[in-house]
Every structure is written in C-alpha cells, then in structure tokens.
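Peer 1: Okay, handing you the structure first.
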Amino acid sequence: MFEELQKRLPGLQISRDPADLEKYGQDWSGVLKPAPSIIAFPRTTEEVSKLLRYCFDHEIPVVPSG
C-alpha cells in the first residue's frame with residue numbers, strides 16, 4: 001500500500017516512521033490505543049481528495065486529525 005500510494009501521489013508526504021506513528025496516530029481522549037500503518041500530511045485540497053479517493057477505492061480506513 002505504501003509504495004502504491006507514493007506512486008499515485010508522488011508529492012504527498014507520507015510517513016511510516018515509528019516516532020511519527022506514535023506522535024500523530026494517537027487518540028487524544030486517551031480512551032483508544034490506535035495503531036496506524038501510515039501517517040499522511042496532505043498540503044492541498046487536491047491531495048486530500050486524491051488520498052481519500054484512493055483509500056475509499058481500496059477500503060482503507062481513514063482517521064482525520066488536525
């Protein structure tokens with residue numbers, strides 16, 4: 001999935017770094033312990049749209065944060 005996303009959205013910043021996954025992939029309420037596979041940092045509405053379309057087409061769950 002990671003490699004295919006990079007090919008389809010070459011400008012999109014994506015991270016699998018464990019520090020990023022821990023920092024950005026948390027539930028601020030403290031109730032849940034999420035375990036994200038990747039963290040994406042879209043910079044434009046076009047990148048958001050393409051990313052969400054890709055995830056929808058491949059049945060990949062998305063949890064927005066911001």
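Peer 1: Please go through segment 20-66 and write out the GluC sites (Glu not before Pro) that DSSP classes as loop and that have at most 14 other C-beta atoms within 10 Å.
Peer 2: Glu59
Peer 1: What is the projected area of the convex hull of the Cα atoms of the chain, averaged over all directions, in nm²?
Peer 2: Result: a mean projected hull area of 4.6 nm².
Peer 1: Round to a whole number: what % of the accessible area of the chain belongs to carbon and sulfur, probe 1.4 Å?
Peer 2: That fraction is 55 percent.
Peer 1: Now for a separate question. Please compute the per residue accessible area over the chain with all protein chains in place, 1.4 Å probe, rounded to a whole number of Å².
Peer 2: 80 Å²
Peer 1: Please get the size of the charge dipole for the chain, origin at its Cα centre, with Cβ charges of +1 on Lys and Arg and -1 on Asp and Glu, quoted in debye to the nearest 20.
Peer 2: 100 debye
Peer 1: Using only Cα atoms, find the angle between the long axis of helix 45-57 and the longest principal axis of the chain, and express it within 0 to 90 degrees, rounded to the nearest 10.
Peer 2: Value to nearest ten degrees: 80.
Peer 1: At 1.4 Å probe size, what's the solvent-accessible area of Ile39? Round to the nearest 10 Å².
Peer 2: Taking all protein chains as shown, Ile39 has close to 20 Å².
The values are calculated or read from the model by the stated rules, or taken from the named source; none is laboratory data. Note that this is a predicted model, so its numbers are computed, not measured. All Cβ positions, glycine included, derive from the backbone under ideal geometry; neighbour counts span all protein chains shown. Please note that ligands, DNA and RNA were not included when accessible areas were found on the heavy atoms of the full protein model with its side chains. Shrake-Rupley method; radii C 1.70, N 1.55, O 1.52, S 1.80 Å.
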